[in-house]
Amino acid sequence: MNRRQLLKYFFNLSILSASSSLMKVNTSFAKHSGKVVILGAGWGGLSAAKTIKMLNPSIDVTIIEKNKNFKSCPVSNWVIGQIKSMEDITFSFGALKNKYSINFIHEQAIQFDFDKKNVSTNNFNVQYDKLVLSPGIMLDYSNIENWNKNSYEIFPSAWKAGNETILLSRQIQNIKDGGTVALSIPLSPYRCPPGPYERASLIASYLKRNKKRAKLIVLDANEKIVSKGALFKEAWDEYYSDIIEYRPNSGVVGVDNSSKTLMTDFDDIKCDVANLIPAQSVASILRKNNLVAQGQNWASVDPFDFSSSFVKDVFIIGDSTSQSSVGKVPKSGYIANSMGKVCGLAVVSELADLEKLTPSMINTCYSLVSPEEGISVSAVYTYDSKDKKIIKITSGLSPNRSELIKDNAWDWAQNIWEDMLL
Ligand code: FAD
């Protein structure tokens, strides 16, 4: 045998052994089906559901989701900035139902019975072998003085894509010349660290182009811009110095509905449009069902597979998870999508009695600073077996703002929507 033949022989041998071990894995997956129930058809839940079905189509997957279609938080700031419409960020669950045979129950999940392994809604009682929970966040107004049921429309948060996004978008569109918009940012950690600053940029850009002498007051409970600070500051100084007034350490502590006033410890700000993004914590259903330790704001998990720290055969992913248990990852859609893949593979492996693989995750957060330019931050994460946490192994910030990054942001959104929904 000459050298070339020998190399070819080894190459064929390695392909053969790789494909036979893959076949072995697939056969082992397929032999072991089971029932998986997923709460939440958002960024974490959809990613977990599709991963499970792609690895082992014989697993029965049911998603409990109160909404009839998917509305994307990423790109929802573009709707508020009048660049995209609500239709551009709204998608059907049709492909998941028809192509992947995922069952959907469009109702509110009310209660888990961990002993009997079931989840109840008003009309259904669904059995599970493994339960994956990705219910997102609860918006917490409990520390806002004078908050009542009428306040939601007067001070929309638009921090879950939906009716409030449309409401805020219309309010911005209809504001009078010389009007004042206020945008309040809660203390970190909250969903999407750069999100409020992207929103501020796009609102400011719209005001600059369409509303003479209008102003935007940014009331930030944090001491400085939480994410991509230098890049946002540069853009704001260059484009919006006469429009944005940035006030750090200025958390909102109260409201007055009748005069549309936001109160901080220092000031009362009367405005024409008020976007109040409140403090956030774990979705309330997780707390009600004892999946959150007392005194904690978020759910604790083992980041190796995202199993709950408290209940067997239950997994928690997405924004609801605590950084103290997972490690320092942002509450982003991309991370929720990554967690869904890690958890989906872990669930399939558990059902097939296979060893779990060490997780790795990625994140890129794009933000527009104007309709023409974007900035980004990316990171790659792995599991540190010594600390039992997800750690960052490398990261990078875009050196400046550019049109290319704006284009990449739209491409990213389209790709990841396809990854979850088609
Ligand atoms: P969600 O996506 O919110 O999904 C939770 C789902 O559970 C919801 O559909 C909800 O209806 C359902 N649900 C909850 N409770 C129940 C119940 N009891 N019964 C039935 N259904 C229930 N991330 C990025 O990576 N890139 C971005 O550019 C980006 N931009 C953003 C911009 C804005 C304005 C905002 C607000 C967020 C942005 N994010 C971004 C963050 C991203 O949206 C979240 O991190 C992500 O949605 C978290 O996914 P999740 O699965 O934890 O929660």
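The values are calculated or read from the model by the stated rules, or taken from the named source; none is laboratory data. None of these values were measured; they are calculated from a predicted model. Note that we place each Cβ from the backbone using ideal geometry, even for glycine, and neighbour counts take in every protein chain shown. With ligands, DNA and RNA removed, areas are computed over all heavy atoms of the protein, side chains included. Shrake-Rupley method; radii C 1.70, N 1.55, O 1.52, S 1.80 Å.
A few remarks follow.
- Dipole of the chain, positive direction: furthest Cα of Thr321, Ile277, Asn408, with charges on the beta-carbon: Asn408
- Note on segment 64-156: Cα-Cα pairs beyond 17 Å make up 68% of the total pair count.
- For the residue pairs Lys35/Lys228; Lys99/Lys392; Lys53/Lys389; Lys176/Lys224, the alpha carbons lie more than 32 Å apart in Lys35/Lys228; Lys99/Lys392.
- Whole-percent carbon and sulfur share, accessible surface of segment 241-339, 1.4 Å: 47
- Near Asp129, the amide H atoms lying under 5 Å from its own belong to Lys35, Val36, Val37; only residues 5 or more places off or on other chains count, and H is placed 1.01 Å from N.
- The three principal axes of the C-alpha atoms in segment 171-323 carry coordinate ranges of 59, 36, 27 Å, sorted with the longest axis first.
- Theoretical FRET efficiency, 1/(1+(r/R0)^6), r = Cβ-Cβ of Arg209 and Asp353, R0 56 Å, to 0.05: 0.40
- Translational diffusion coefficient (Stokes-Einstein; Kirkwood radius from C-alpha pairs) of the chain at 4 °C, 1.567 mPa s, in µm²/s: 56
- Candidate aspartates and glutamates - alpha carbon under 12 Å from Lys215, same-chain residues fewer than 8 apart omitted: Asp177, Asp242, Glu245, Asp272
- Here segment 216-270 is treated as an ellipsoid with the same Cα gyration tensor; its semi-axes, largest first and in whole Å, are 24, 14, 7.
- Distance between the modelled labels on Ile391 and Gln294, one decimal in nanometres: 3.4 nm (7 Å Cα→Cβ projection).
- Neighbour cut-off at most 16 other Cβ (10 Å), DSSP loop, trypsin sites (Lys or Arg not before Pro), segment 96-139: Lys99, Lys116
- Annotation for segment 96-114 versus segment 142-219: alpha-carbon center distance of 33 Å.
- Straight-line cross-link reach from Lys71 at under 20 Å between alpha-carbon atoms covers these aspartates and glutamates, not counting any fewer than eight positions away in the same chain: Glu87, Asp88, Glu107, Glu153, Glu164, Glu198, Asp319, Asp411, Glu418, Asp419.
- Segment 252-317: chymotrypsin sites (Phe, Trp or Tyr not before Pro) falling in loop per DSSP and having at most 14 other Cβ within 10 Å: Phe266
- Given +1 at the Cβ of Lys and Arg, -1 at the Cβ of Asp and Glu and no other charges, the dipole of the chain around its Cα centre is 1020 debye to the nearest 20.
- Placed amide H near Ile105: partners under 5 Å, 5+ positions off or other chain: Ile63, Ile64, Glu65
- Of the trypsin sites (Lys or Arg not before Pro) found in segment 289-332, the ones in coil according to DSSP and having at most 11 other Cβ atoms within 10 Å of their Cβ are Lys312.
- Normalised by 2.2 N^0.38 Å, where N counts its residues, the alpha-carbon radius of gyration of segment 277-399 equals 1.15.
- Taking a Cβ cut-off of under 13 Å around Leu368, the surrounding Lys, Arg, Asp and Glu residues balance to a net charge of 0, with basic ones at +1 and acidic ones at -1.
- Each of Ser92, Ile154, Asn249 was placed along the dipole of the chain (beta-carbon charges, centred on the mean Cα), and the one lying farthest toward the positive end is Ser92.
- Farthest toward positive dipole pole in segment 160-228 [+1 Lys/Arg, -1 Asp/Glu at C-beta], among Pro196, Ile175, Ser227: Ile175
- When +1 charges are put on Lys and Arg Cβ atoms and -1 charges on Asp and Glu Cβ atoms, the dipole computed for segment 336-422 relative to its Cα centre reaches about 420 debye.
- Charging the Cβ of each Asp and Glu at -1 and of each Lys and Arg at +1, and nothing else, the dipole of segment 144-250 about its Cα centre rounds to 320 debye.
- Candidate residues Lys215, Lys389, Lys224: accessible-area rank, largest first, probe 1.4 Å: Lys224, Lys215, Lys389
- Of the solvent-accessible surface of segment 172-224, computed with a 1.4 Å probe and all protein chains present, 46% belongs to carbon and sulfur.
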